[in-house]
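S.K.: Input: one structure, supplied below.
The values are calculated or read from the model by the stated rules, or taken from the named source; none is laboratory data. None of the values given here were measured: they were computed from a predicted structure. With ideal geometry, Cβ positions are generated from the backbone for all residues, glycine too; neighbour counts draw on all protein chains shown. Ligands, DNA and RNA are excluded from the accessible area calculation, which covers all protein heavy atoms including side chains. Shrake-Rupley method; radii C 1.70, N 1.55, O 1.52, S 1.80 Å.
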Amino acid sequence: MIRLVPRTEISNGWQIATPLLAVLATMIAGGLLFAIMGYDPLAAIRTIFWDPLFGQAAAYSRPQLLVKAAPLILIASGLAVGFRAGIWNIGAEGQYIIGGICGAAVALAAYPGEHWWLFPAMVAAGAFGGWAWAMIPATLRNWFGASEILVSLMLVYVAQNVAAWVAFGPLKNPEGFGFPGSRNLQQYPSAANPELIAGTGAHWGVVAAAIAVLAIWVLMSRHIRGFQIRAAGLAPRAARFAGVRPETLVAFCLGLSGALAGMAGLFEAAGPAGQITDSFGSGYGFTAIIVAFLGRLNPFGILLAGLLLALTYIGGELAQLTLQLPAATVQVFQGMLLFFLLGFDLLTRFRIVRRVAA
């Protein structure tokens with residue numbers, strides 16, 4: 001008989017090593033899975049983790065690393081703030097979708113005019129859309145005690161249906177020959193989110209992600225609000241006695257994470273995706289949860305974790321092309337990574353003790 005006993009002290013070294021061990025365990029388990037499926041495990045692991053950076057297609061893959069990492073880092077930075085306070089926004093994917101729709105709607109309302117203020121207005125609209133969508137679970141939790149986990153998650157499916165509605169209705173391209181989807185914003189200079197430095201993949205979303213990492217670090221380490229967030233996460237009752245209002249933190253954390261997710265959706269709609277379609281939304285909001293925990297809820301850790309998860313996206317696509325691996329490879333890898341990360345996290349806080357019968 002075994003049981004888990006809380007550790008009296010958590011090792012800082014073990015906390016740092018846990019994400020690395022989770023990645024290593026994922027590689028080993030993934031290799032075994034590929035071997036069972038009849039693929040060469042070493043070739044599959046190399047294709048996913050090595051070839052995007054140093055393989056024959058690296059000239060194309062390296063710029064894509066920033067394209068994929070930017071929305072993950074931007075969304076995860078906002079999620080980490082709430083997670084530190086024990087406020088669980090699981091519906092960032094919905095906020096990402098609504099932000100993209102709101103930003104694109106501003107551009108299409110101004111089409112075909114060329115205005116210097118249009119793209120900043122799109123960014124503001126995207127942030128506002130994500131914020132407003134996140135304030136729904138915040139309001140329901142503060143007023144009625146509803147679970148923000150369930151409400152934010154259910155709103156993802158509502159947002160997906162909203163995207164389908166606007167793609168077939170209000171935002172549908174009148175010159176699109178009847179196909180669902182908006183105009184291509186990449187072909188609208190004032191609304192486009194282009195590559196800023198040729199060959200790097202860096203667009204305004206990458207810049208926003210870098211600023212978000214620095215801003216969240218300052219917030220959490222140098223600002224009174226960051227202290228209140230950490231206090232609420234570690235000792236909620238003590239935080240209340242210190243004057244921290246839980247309702248204010250819920251609104252702040254959910255609103256901040258929603259705004260950043262909405263901005264990520266706008267940068268994607270105006271850049272790599274180019275338009276709003278009935279299937280807009282690529283799962284970045286869910287993957288960002290893994291990024292936040294893999295980065296230990298630390299902004300700079302999230303930066304590294306975002307690059308790693310972006311690597312799995314690109315490597316998974318290469319593996320599909322070169323090795324004919326199933327399309328679900330990336331999701332399986334990400335799921336295993338979260339599984340091992342949570343498992344190793346458990347061992348950082350508890351130790352296994354064998355109970356001896358009397």
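S.K.: Being at pLDDT below 90, over 15 Å from the mean Cα position of the chain (by Cα) and more than 30 Å from I2 (Cβ to Cβ) narrows it down to one residue among F333, F241, F339; which is it? Break it down into steps so the answer makes sense when it comes.
M.R.: Working: F333 fails: more than 30 Å from I2 (Cβ to Cβ); F339 fails: more than 30 Å from I2 (Cβ to Cβ).
From the options F333, F241, F339, the qualifying one is F241.
S.K.: Let me ask something else about it. What residue, among those in segment 97-117 that are more than 15 Å from Q275 (Cβ to Cβ) and aromatic (F, W, Y), is surrounded by the fewest Cβ atoms within 10 Å (Cβ to Cβ)?
M.R.: So the residue we want is W116.
S.K.: Sticking with this structure for a sec: Could you pull out the residue among W217, W204 that is in contact with a Leu (Cβ under 8 Å, 6 or more places away or on another chain), open to solvent by 70 Å² or more (accessible area, probe 1.4 Å), over 21 Å from I136 (Cβ atoms) and not assigned by the TED database to the domain that holds Q334? Give the derivation first.
M.R.: Numbers: W217 fails: in contact with a Leu (Cβ under 8 Å, 6 or more places away or on another chain).
Matching residue, one of W217, W204: W204.
S.K.: Any chance you could count how many residues in segment 154-182 are surrounded by fewer than 19 Cβ atoms within 10 Å (Cβ to Cβ) and in a helix (DSSP H, G or I)?
M.R.: 9
S.K.: If you check P120 against the conditions, is it open to solvent by 40 Å² or more (accessible area, probe 1.4 Å) and either of a type in the set (A, V, I, L, M, F, W, C) or not in a helix (DSSP H, G or I) (or both)?
M.R.: Values: open to solvent by 40 Å² or more (accessible area, probe 1.4 Å): yes; either of a type in the set (A, V, I, L, M, F, W, C) or not in a helix (DSSP H, G or I) (or both): no.
So P120 does not fit the description; no.
S.K.: Give segment 1-41 a look and list any residue that's small (G, A, S), touching a helix residue (DSSP H, G or I) at 6+ places or on another chain (Cβ under 8 Å) and farther than 12 Å from D345 by Cβ, or say none.
M.R.: Going residue by residue through segment 1-41, those that are small (G, A, S) are 11, 13, 17, 22, 25, 29-31, 35, 38.
Checking the rest, the ones that are also touching a helix residue (DSSP H, G or I) at 6+ places or on another chain (Cβ under 8 Å) come to 11, 22, 25, 29-31, 35.
Those that are small (G, A, S), touching a helix residue (DSSP H, G or I) at 6+ places or on another chain (Cβ under 8 Å) and farther than 12 Å from D345 by Cβ: S11, A25, A29, G30, G31, A35.
S.K.: Here's a follow-up. Considering only residues that are without any contact (Cβ under 8 Å) to a residue 24 or more places away in the chain and in a loop (DSSP other than H, G, I, E, B), which ones fall in segment 196-210?
M.R.: Correct list: L196, I197, A198.
S.K.: Follow-up question, since we're still on this one. Could we say that L53 is open to solvent by 10 Å² or more (accessible area, probe 1.4 Å) and either modelled with pLDDT of 90 or more or assigned to a helix (DSSP H, G or I) (or both) here? Break it down into steps so the answer makes sense when it comes.
M.R.: Working: open to solvent by 10 Å² or more (accessible area, probe 1.4 Å): yes; either modelled with pLDDT of 90 or more or assigned to a helix (DSSP H, G or I) (or both): yes.
Against the criterion (open to solvent by 10 Å² or more (accessible area, probe 1.4 Å) and either modelled with pLDDT of 90 or more or assigned to a helix (DSSP H, G or I) (or both)), L53 qualifies.
S.K.: Looking at segment 298-317, is at least one residue open to solvent by less than 50 Å² (accessible area, probe 1.4 Å) and either of a type in the set (D, E, K, R) or in a loop (DSSP other than H, G, I, E, B) (or both)? Spell out the reasoning first.
M.R.: Filtering segment 298-317 down to residues open to solvent by less than 50 Å² (accessible area, probe 1.4 Å) leaves 299, 301-302, 305-306, 308-316.
Filter once more, keeping what is either of a type in the set (D, E, K, R) or in a loop (DSSP other than H, G, I, E, B) (or both): none.
No, segment 298-317 contains no residue that is open to solvent by less than 50 Å² (accessible area, probe 1.4 Å) and either of a type in the set (D, E, K, R) or in a loop (DSSP other than H, G, I, E, B) (or both).
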